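Trainee: Handing you a structure now.
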Amino acid sequence: MKTLLGVLAAAVVCGALAADSARPAPPVEQPTAAEILDRYVKVSGGQAACDSQKTLIWQARMSVHREPPLTARVTMHAKRPDKLHVFQRWNGGDDMVTAYDGRTGWQRDATGFRLLRGQALANLRLIAHFHYLVDWRRLFEKVELRGVQPINERPAYEIELTHETASPMTCFFDVETGILVRSDTIQVQGDQEIRLQTYFGDFRESGGVLTPFRMSQVSPLGRVETEVTSIQYNVQVSDALFSPPRPQPAPR
């Protein structure tokens with residue numbers, strides 16, 4: 001009898017354990033998109049550290065994976081709240097400037113000078129904003145957590161950010177560290193929309209803010225690697241640098 005009771009008891013216990021293991025585990029509560037973005041601001045150095053940066057001079061080497069190799073030296077000037085000037089000098093001898101002075105966006109390259117309009121201007125206006133992800137509450141109409149995706153074999157929160165006029169963008173933040181590891185954006189060139197995936201790495205403290213010193217950009221046009229060589233903050237930068245060039249008088 002004791003043996004039979006023991007067998008029955010064991011069967012009941014095993015049945016209970018099996019039933020318990022069959023129940024789905026309670027869902028792990030995920031943070032909200034706002035909490036993930038606020039954490040990103042904190043791990044980047046904090047709002048005060050970002051706000052203390054009034055101007056920026058950023059220099060880098062850029063290489064395009066193609067044959068023959070294509071490389072460029074890039075210098076970016078930025079000034080609060082929303083002035084941007086990016087100069088690229090390519091090894092083929094061509095120069096390119098993209099700039100925004102707070103009102104007007106423009107480009108100049110081997111084909112000439114042009115003002116930016118429509119979606120190209122709206123996108124440039126957004127990224128010209130100094131630390132635009134830090135100011136996400138003010139700049140974006142909606143932020144939405146879309147789930148968790150593997151980025152470089154590590155889980156990352158996927159957040160879609162919707163702006164009033166600029167193209168939507170998606171940012172991926174490492175689940176463990178909170179840092180930005182990838183952004184998906186749209187670049188407008190003429191009538192073309194080019195989807196870009198930018199991966200960020202080699203993070204270092206610079207000017208009190210955690211900054212990526214290596215970027216890898218993937219698009220249908222190929223892969224571009226960027227290595228930052230120098231960053232300076234709070235140095236004097238003239239507003240004239242960002243303004244479109246004045247028309248030259250016609251020769252007499």
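Trainee: For residue 134, are the conditions met, namely being crowded, with 16+ Cβ neighbours inside 10 Å, out of contact with any strand residue (DSSP E or B) (no Cβ under 6 Å at 6 or more places or on another chain) and modelled with pLDDT under 95?
Mentor: When the stated conditions are applied, residue 134 does not pass them.
Trainee: If you don't mind, another one. Can residue 132 be described as under 30 Å from residue 34 (Cβ atoms), of a type in the set (Phe, Trp, Tyr), assigned to a strand (DSSP E or B) and out of contact with any Lys or Arg (no Cβ under 8 Å at 6 or more places or on another chain)?
Mentor: No; evaluated as a whole, the condition is false for this residue.
Trainee: To continue, here is another question. Within the range 210-231, does at least one residue satisfy the condition of being over 21 Å from residue 86 (Cα atoms), assigned to a strand (DSSP E or B) and not acidic (Asp, Glu)?
Mentor: yes
Trainee: Quick check on residue 158: is it of a type in the set (Asp, Glu) and surrounded by fewer than 18 Cβ atoms within 10 Å (Cβ to Cβ)?
Mentor: Here the answer is no, as residue 158 does not meet what is asked.
Trainee: Scanning for something under 21 Å from residue 210 (Cα atoms), modelled with pLDDT of 95 or more and polar (S, T, N, Q), does the range 138-161 turn up at least one residue?
Mentor: no
Trainee: Check off (1) closer than 15 Å to residue 234 by Cβ; (2) over 21 Å from the mean Cα position of the chain (by Cα); (3) aliphatic (A, V, I, L, M) for residue 70 and give me the number that stays unchecked.
Mentor: (1)
Trainee: Of the residues 64, 97, which is among the hydrophobic types (A, V, I, L, M, F, W, C) and under 25 Å from residue 133 (Cβ atoms)?
Mentor: Answer to the selection: 97.
Trainee: Please specify each residue of the range 232-243 satisfying the condition of being in a loop (DSSP other than H, G, I, E, B) and surrounded by fewer than 16 Cβ atoms within 10 Å (Cβ to Cβ).
Mentor: Correct list: 234, 235, 236, 238.
The values are calculated or read from the model by the stated rules, or taken from the named source; none is laboratory data. What you see is a predicted model; the values in this text were computed from it and never measured. Please note: Cβ atoms are built from the backbone with ideal geometry, for glycine as well, and neighbour counts cover all protein chains shown.
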